[in-house]
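Remarks on the structure that follows.
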Amino acid sequence: MKPGLVLLCGMLVVNVWLPAHAQSSAAKQIKGWQSQGAAAADPQQGKLLWFSKHGVRSCSSCHGASPLEAGQHAKTRKPIKPMALSKNPARFTSQRKTEKWFRRNCKWTWGRECTAQEKVDILSWLSSQ
Amino acid sequence: MKEANKMKIGAILLGCVLGLSLIGITRTVLASGWSGREMEQESYEQERNESERYEHERNEYRRQEAETRPMSAVQQAYVEECGSCHMAYPAGLLPPQSWDKIMKGLEDHFGENAELDDQTRAELSRYLQQASAPREGQYRRMIRNLDQQAPMRITELPYFRHKHREIPSRFIQGNDKVGSLSQCDSCHRGAQRGWFDEDSVVIPGVGRRDG
């Protein structure tokens, strides 16, 4: 009886608390960029950005054709876990990590840093998936 | 201790020594019955078998130890920062001068941007220096024939090249599941934990290597 209860509680935490936590964490980051001057989130625009090509490169080069599925690093082929919050509640829980990868990946993919507005749109799309 | 007990222990010890030397003498007498050549062969093979078994046991022990040892905070930081685009290469695979060069050029890291903030970079550099390829121990072979050169890649080390020279390119570049020799973990199943012995190599789509 007891182990069952503990397991149930554990599952509750994983199923309810983690996604909620991640959601709020993503939302907090979006608010942060908005306080830097970004406007309301436009998930559709985020989706367009995600698949837009710069030469042969796009965010999907590594993150794959669907954010609901795992991607693969274009050069090293190391698997990358899904980007959609619903599939991977650990996403966007660390502001430091999210900012670091936005900086690197926007530079690599588009040859420039992303604007606060682009980050708002992309993150709002990924966290609605 | 009582005098009688001391005597008893003494007698037991003496018995052991006598017994052992008896066995030794018998073996020598028996052995000398064989021809010298055979004996040499025999003892050489025995020695080799023993040293192989010893090596194997030691490897097994090291592997188990490596798999169960918890990671320190700095090792966790290393895996987090240097293990997201490829496996986190164990520090022991390159000499200190190579790590130094790599950590000073993270903005252009093999065509990618692997920048870190100054504090993290300093912390990881220190860790890599201190855990880099040693003159002794498991990884000493990695830096064989290297002197003070500072190659940026493990895959450029003379020892590495030597060990992988016979693998046909259809198993590497022509293999969807491998792609390049830099992806150690696609063939060495213990790579993440710093484990590279020949016994645990499985080339995907090819299977275990014989011999």
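The values are calculated or read from the model by the stated rules, or taken from the named source; none is laboratory data. This structure is a prediction, so every number in the text was calculated from the model and none was measured. All Cβ positions, even for glycine, are placed from backbone atoms using ideal geometry, and neighbour counts span all protein chains on display.
Values for this structure:
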| quantity | calculated |
| --- | --- |
| Some residue of region B:184-195 being away from chain A (no Cβ under 14 Å), touching a Leu at 6+ places or on another chain (Cβ under 9 Å) and in a helix (DSSP H, G or I) | no |
| Region A:101-115, subset buried (at least 16 other Cβ atoms within 10 Å of the Cβ) and farther than 20 Å from A:Ala84 by Cβ, residue nearest to the chain's Cα centre (by Cα) | A:Arg104 |
| Residue in region B:174-181 that is closer than 14 Å to B:Tyr89 by Cα and not acidic (Asp, Glu) present | yes |
| Filtered residues of region B:92-105 (kept if closer than 16 Å to B:Thr155 by Cβ and either in a helix (DSSP H, G or I) or touching an Asp or Glu at 6+ places or on another chain (Cβ under 6 Å) (or both)) | B:Gly92, B:Leu93, B:Ser98, B:Trp99, B:Lys101, B:Ile102 |
| Looking only at region B:79-125, and only at residues there that are farther than 24 Å from B:Ser180 by Cα and of a type in the set (Ser, Thr, Tyr), the one that is nearest to the other protein chains (Cβ to nearest Cβ) | B:Thr120 |
| Region A:85-118, residues that are of a type in the set (A, V, I, L, M) and at pLDDT below 95 | A:Leu85, A:Ala90 |
| Scan of region B:73-98 for residues that are free of Cβ contacts under 8 Å to residues at least 40 places away in the same chain and in contact with a helix residue (DSSP H, G or I) (Cβ under 6 Å, 6 or more places away or on another chain), ordered by number | B:Pro96 |
| Pairs, first at pLDDT 95 or above in region A:48-71, second of a type in the set (D, E, K, R), C-beta under 6 Å, six or more apart | A:Leu49/A:Glu118; A:Leu68/A:Lys87; A:Ala70/A:Lys81 |
| Qualifying residue in region B:88-103 (condition: charged (D, E, K, R), surrounded by 15 or more Cβ atoms within 10 Å (Cβ to Cβ) and modelled with pLDDT of 90 or more) | yes |
